[in-house]
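A.B. asks: Quick one: structure below, then a few questions.
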Amino acid sequence: IRSSDITVQCGDNGERSNDCVISGGLNQFKLKNIIVGVEFKGMKFEKSRGMSIFAGASRDSSAFFTDCEWSNNEGSSVITMAELNNTKTTLRHINNLAMMIALRN
């Protein structure tokens, strides 16, 4: 995802009970560039072999995961944050150099 104000939701109401599943793959979603207002609603993520979510956007970016569930992932992490600048990408734990991620019920 490289644009702002995008919602990826399950069904018309974005509820997990609608049973939308993203299954398999190395990375299920990549967040890049400067993005604001990206939201995932009611999604189930499973069986990722790498990182389910690779958040490689700038520190001015944000993404929200509302009523989402992760299960049976085999990779290194569910969400991996990266600091991006013009010369390199540096993997980091969640900190003030990476974009903001919020998990909500």
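Where a number appears in this text, it was derived from the coordinates with a stated rule and is not lab data. Remember, it's a predicted structure, so these values are computed and weren't measured experimentally. Using ideal geometry, Cβ is built from the backbone for each residue, glycine included, and neighbour counts are taken over all protein chains shown.
A.B. asks: Find how much the distance from Leu26 to Arg104 grows on full extension, using 0.36 nm per residue of separation minus their present alpha carbon separation; answer in nm with one decimal.
C.D. replies: Here the segment from Leu26 to Arg104 would lengthen by 25.6 nm.
A.B. asks: What does the charge count near Cys68 come to, summing +1 for each Lys or Arg and -1 for each Asp or Glu among other residues with Cβ under 12 Å from its Cβ?
C.D. replies: Summing Lys and Arg as +1 and Asp and Glu as -1 gives -1.
A.B. asks: Could you tell me the convex hull volume per residue, in Å³, taken over the Cα atoms of segment 14-77?
C.D. replies: So the per-residue Cα hull volume is 73 Å³.
A.B. asks: Next up: What nm value, rounded to one decimal, do you get for the distance between Arg2 and Asn33 when each label is placed 7 Å out toward the C-beta?
C.D. replies: It works out to 0.6 nm between the two label points.
A.B. asks: Could you give me the ³J(HN,Hα) list for segment 59-64, computed from phi with Karplus coefficients 6.51, -1.76, 1.60 and θ = phi - 60°, whole Hz, x at Gly and Pro?
C.D. replies: 5, 7, 9, 8, 9, 10
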